[in-house]
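These notes concern the structure reproduced below.
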Amino acid sequence: MKAAIYTEYGAPSVLRQAEIPRPSPKDNEILVKVSASTVSAGVIWVRQGRFPGSNIFTFFLRLMYGLNKPRKPVLGFEFSGVVEAVGGKVQRFRVGDEVFGTTTGLTQGAYAEYVCVPEQWKQGVVAKKPPEITLEEAAALPVGFMTALNLLNRATITPSSNVLIYGASGSVGTFAVQIAKYRGAKITAVCSGRNAALVQSLGAETVVDYTGEGFTTRDMARLAAQFDVAFDAVGKLSSQKLKGLVKQGGKALSVTSPTSEQQEYLGELARMIAEGSIRPVIDKTYSLENIVEAHEYVDLGHKRGNVVITVAKPHQS
């Protein structure tokens, strides 16, 4: 089967097209014909072999994925697709089901025509795709949504809450805005001016433009101690700056904190989709053959929401 692989850490050019063996599902696994994946921040960090701004996190990243070179040649942390075969002990899925989920903890990622996924495992998740969204949209949901939900669940957000989301136009940020809005919060979004209309359409009431002079000392002083919750959705604020934004007793949250994937999160996601309360923001879509170009674009740091990689043509139900 075709796949995009990498055998060394580095720039997007380390990715290349290759033919690799097609996997076969074990008794507890489903074989998914992959429709789409994404270029997430985590994928970029693992491709580069470094966590930006932190030697400690870089060490743990290398410990997990390979000290000197990648241990797993196929990236792609989230996917959507169609079940092509099921193991003998699988109960929740049937051939032809449209599914989406993550590849966390597995030996192969989703930058390939096929991937085998356990029906249930500790690190990752898989579920049937909500009928209200396309397969391309489904691929852009699991990682960003679950990260935002897991972190925001650590705070109490009510209709009286003032919430600041820094990096509101990225993948995690766009989901965080929608989740906080769903809970009734008043949202201040920090992003570039060109993305102001986007984050306002998702539920932000106030937008702070961090371009030009950046998120300045003046901005920090003006917003200091105003918020019940301050969420850094891109991991670029220091702990001191982030904590300076919240009121006494408020909660400072950052994507640099560890998170977990839980099957119940996909159930909550499905309910929100059915109610029309959440949607993935897709900036650009690239084919698997153009994976290098997709990674080059994301490396620029200007993507809005998600960048999707299409692997196979959408399944027609």
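Check Asn162, Asn150 and return the single one that is surrounded by fewer than 23 Cβ atoms within 10 Å (Cβ to Cβ), of a type in the set (S, T, N, Q), within 15 Å of the chain's Cα centre (by Cα) and modelled with pLDDT of 95 or more.
Asn150
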Exercise. Could you check how many residues of the stretch 2-57 are more than 14 Å from Leu288 (Cβ to Cβ) and touching a strand residue (DSSP E or B) at 6+ places or on another chain (Cβ under 6 Å)?
Key: 8
Practice problem: Output yes when any residue across the stretch 154-171 is among the basic types (Lys, Arg) and either assigned to a helix (DSSP H, G or I) or not assigned by TED's automatic domain parsing to the domain that holds Asp209 (or both), and no when none is. | Solution: no
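Which members of the stretch 19-77 meet the condition of being of a type in the set (Asp, Glu), touching a Gly at 6+ places or on another chain (Cβ under 6 Å) and surrounded by fewer than 19 Cβ atoms within 10 Å (Cβ to Cβ)?
Asp27 - this is the single residue of the stretch 19-77 that is of a type in the set (Asp, Glu), touching a Gly at 6+ places or on another chain (Cβ under 6 Å) and surrounded by fewer than 19 Cβ atoms within 10 Å (Cβ to Cβ).
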Exercise. Just need a number here: residues in the stretch 173-190 that are touching a Leu at 6+ places or on another chain (Cβ under 8 Å) and assigned to a helix (DSSP H, G or I).
Key: 8
Quiz item: Restricting the stretch 210-232 to residues that are modelled with pLDDT of 90 or more and among the acidic types (Asp, Glu), which is farthest from Val190 (Cα to Cα)?
Solution: Asp228
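The values are calculated or read from the model by the stated rules, or taken from the named source; none is laboratory data. A quick note: this is a predicted structure, and the numbers were derived from the prediction, not measured. Ideal geometry is used to build each Cβ from the backbone, glycine not excepted, and the neighbour counts take in all protein chains shown.
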